[in-house]
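The values are calculated or read from the model by the stated rules, or taken from the named source; none is laboratory data. Since we're looking at a predicted model, the values are computed, not measured. Cβ placement follows ideal geometry from the backbone for every residue including glycine, while neighbour counts extend to all protein chains displayed. These area figures cover heavy atoms from the full protein model, side chains too; ligands, DNA and RNA do not enter into them. Shrake-Rupley method; radii C 1.70, N 1.55, O 1.52, S 1.80 Å.
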Amino acid sequence: MLDTERNEEFVNLIKEKLQESRFVHSMNVAACAKKLAKKYGCDEEKAYTAGLLHDVMKNAGDSEQLSIIEKAGMELTACEKANKKLWHAIAGTAFIKKELNVENEDIINAVRYHTTARENMSTLEKVIYVADFISDDRNYPGVDEVREAAEISLEKAMMIGLEFCIHEIVERKQILHPDSVDAYNEIVISGQEV
């Protein structure tokens, strides 16, 4: 069975694993991702599946997240060890691969990089990154600007999202993941944010 044919199973799983607000968020991201996928010529069902699963480990405790990462044979970089906010994406990747047997690499990577972004993202990865920023439940200052940018290009929306995150992280004197810097630089160099 294809990963995308298991969405009903995944909905039930995240309903069980996530707090109500996080479940609602995941459903909204999945719906938004499907719309963005249609707009940007990406597989809508893969986008929906990745949206459902992107935060699957968000409400797990630190020890559970670290345990699943270790069991999957994954290692955290020094930067990742120092930033617990990144763990859920890495643990989510380990969980969907090892526990759910998700095989589609694009879905796996979309879950893995939905928090940091990275250089050379696939369209699906960009869709999930942006959908996480603009899903219907989001109401932070500036969300409308990102939503409007998403109507123009994924890169434009990503640029605003990356600028927002990088600014926040630097202002709080927190760890800035190199993948975010690489994603930002790639968009600036390519001129796609214009």
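Numerical summary
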| quantity | calculated |
| --- | --- |
| Ranked by how many other beta carbons lie within 10 Å on average, peptides 81-88, 22-29 from highest | 22-29, 81-88 |
| Burial order of peptide ranges 113-122, 170-179 (average beta-carbon count within 10 Å, highest first) | 113-122, 170-179 |
| In Hz, Karplus ³J(HN,Hα) per residue of segment 80-97 (6.51, -1.76, 1.60; θ = phi - 60°; x = Gly, Pro) | 5, 4, 7, 10, 4, 5, 8, 4, 4, 6, 6, 5, x, 4, 4, 5, 5, 6 |
| Whole-Hz ³J(HN,Hα) from phi, Karplus 6.51 cos²θ - 1.76 cosθ + 1.60, for segment 141-156, glycine and proline x | x, x, 4, 5, 5, 5, 4, 5, 4, 5, 6, 8, 6, 4, 5, 5 |
| Cα gyration tensor shape for segment 71-186, rounded if a/c is under 1.5, else prolate or oblate | oblate |
| Sequence-distant aspartates and glutamates (8 or more away, or on other chains) whose Cα lies within less than 16 Å of Lys81 | Asp62, Glu64, Glu70, Asp179 |
| Accessible carbon and sulfur surface of the chain relative to its total accessible area, %, 1.4 Å | 47 |
| Amide H contacts under 5 Å for Ser153, placed H, 5+ residues apart | none |
| Heavy atoms of Ile14 accessible to a 1.4 Å probe, total area in Å² rounded to 10 | 0 |
| Among 136-149, 91-104, 39-52, the order from most to least packed when residues are scored by Cβ within 10 Å on average | 39-52, 91-104, 136-149 |
| Where labels lie 7 Å past Cα in the beta-carbon direction, separation of Tyr40 and Asn12 in nm | 3.2 |
| Label-to-label distance, nm, for residues given as Lys85 and Glu151 (7 Å Cα→Cβ offset) | 2.9 |
| Estimated inter-spin distance, Asp62 and Asp144, nm [label 7 Å along Cα→Cβ] | 4.0 |
| Residues of type lysines that Lys84 reaches as a straight line, Cα spacing below 28 Å, ignoring anything fewer than 8 places off in the same chain | Lys15, Lys17, Lys46, Lys58, Lys71, Lys97, Lys98, Lys126, Lys156, Lys173 |
| Calculated from backbone phi, Karplus (6.51, -1.76, 1.60) coupling profile of segment 173-179 in Hz, x at Gly/Pro | 6, 9, 6, 9, 6, x, 4 |
| Extension gain from Glu103 to Ala78, taking 0.36 nm per residue of separation minus the Cα-Cα distance | 6.2 nm |
| Student exercise, the chain dipole from Lys, Arg, Asp, Glu Cβ charges, in Debye to nearest 20 | 320 |
